[in-house]
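Input: a single structure, listed below in structure tokens.
Any read-out appearing in this document is the output of simple, stated calculations on the displayed coordinates, not a laboratory observation. All of these numbers come straight from a predicted model, not from anything done at the bench. Positions of Cβ are backbone-derived with ideal geometry, glycine not excepted, and every protein chain shown enters the neighbour counts.
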Amino acid sequence: MNINKAACIFMSLILLFLAVSCDTPGSPGSLASSTTGSSQVWMGFDPGSMTGTLVCQGFTLDNTATVTGIRLFITTKTGTPTGDYIVSIKTDNAGKPSATNADANATLSKNAASITQNAWNTWTFPASFSLSGSTQYWVVVTTNENDMTGANGIYFGYDNAGSYAGGAMGTYDSMVTFTWTINTANDLKFIVQ
């Protein structure tokens, strides 16, 4: 094998490695992420406790950056959910999500039928926008799933080791207390891109 051919093969392998690495969750291409863990949280209506559960995840960026979307890991779909799952980036209000989007484009709805279980699912915002560095933001997931039996919903993956330092996961009781509860030991499996 001549030196030129060997060099070409070597460069091709490097380019292949870089292409795979850039598409790997938590790779340097992500702005903020937590990609480990095997726990799951259900999102939908629970008739036993008469509560609806929504989820959120706090995050911070090291520097001001342009955001194009959010990736979330869906572990399981139960039954046949038919609702929309809306992902938004909210500003912070005393350590919890506010009701204000970080940008007019920082929200997108995806129907349950287009969500894949045991996979990373991407919500790509209508247009990119800038978020400031060293500022707390929140990924908030809401739904209009309206199944009173509790048989239909989606499980989101999370890490219960608290390994992400830029924020924490929270759940919202949308039926009784109407408050966010933040658990600093948990992190939603998420990627800001």
Checklist outcome for this item: Amide H neighbours of Ala32 at under 5 Å, excluding residues fewer than 5 places away on the same chain, with H built from the backbone geometry, are Val192
Item to check | Order of Asp103, Asp159, Asp187 - criterion: other Cβ atoms within 10 Å of each residue's Cβ, fewest first | outcome: Asp103, Asp159, Asp187
Checklist outcome for this item: A correct Karplus calculation of ³J(HN,Hα) over the range 121-129, with 6.51 cos²θ - 1.76 cosθ + 1.60, θ = phi - 60°, whole Hz and x for Gly and Pro, returns 10, 10, 9, 8, 5, x, 8, 6, 7
Checklist entry - Could you give the nm distance between label points at Thr76 and Thr36, where each point is 7 Å from its Cα heading toward the beta carbon? => result 2.4
Item to check | Hz values of 3J(HN,Hα) by residue in the range 64-74 - Karplus curve (6.51, -1.76, 1.60), Gly and Pro given as x | outcome: 4, 8, 8, 10, 10, x, 10, 10, 10, 8, 9
